[in-house]
């Protein structure tokens, strides 16, 4: 049995993902390298 219901897990993963995307998109120029690696997978 999963520790968390799938719905809760999905919400948590989505929240973390959005946080990372926000940091990457609004981050300093040094983050552009990471952005170039991340964007193609979205």
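Couple of notes before you dig in:
- In the range 16-27, the residues that are without any contact (Cβ under 8 Å) to a residue 40 or more places away in the chain and at negative phi reach residues that are surrounded by 12 or more Cβ atoms within 10 Å (Cβ to Cβ) and part of a helix (DSSP H, G or I) with C-beta atoms within less than 6 angstrom, at least six apart or across chains, in these pairs: 24/31; 24/34; 24/35; 24/38.
- Residue match in the range 1-14 (condition: part of a helix (DSSP H, G or I), under 10 Å from the mean Cα position of the chain (by Cα), at pLDDT 85 or above and loosely packed, with under 11 Cβ neighbours inside 10 Å): yes
The values are calculated or read from the model by the stated rules, or taken from the named source; none is laboratory data. Keep in mind that what you see is a predicted model, and the values were worked out from it rather than measured. When we count neighbours, we look across all protein chains shown, and the Cβ atoms used for this are built from the backbone with ideal geometry, even at glycine.
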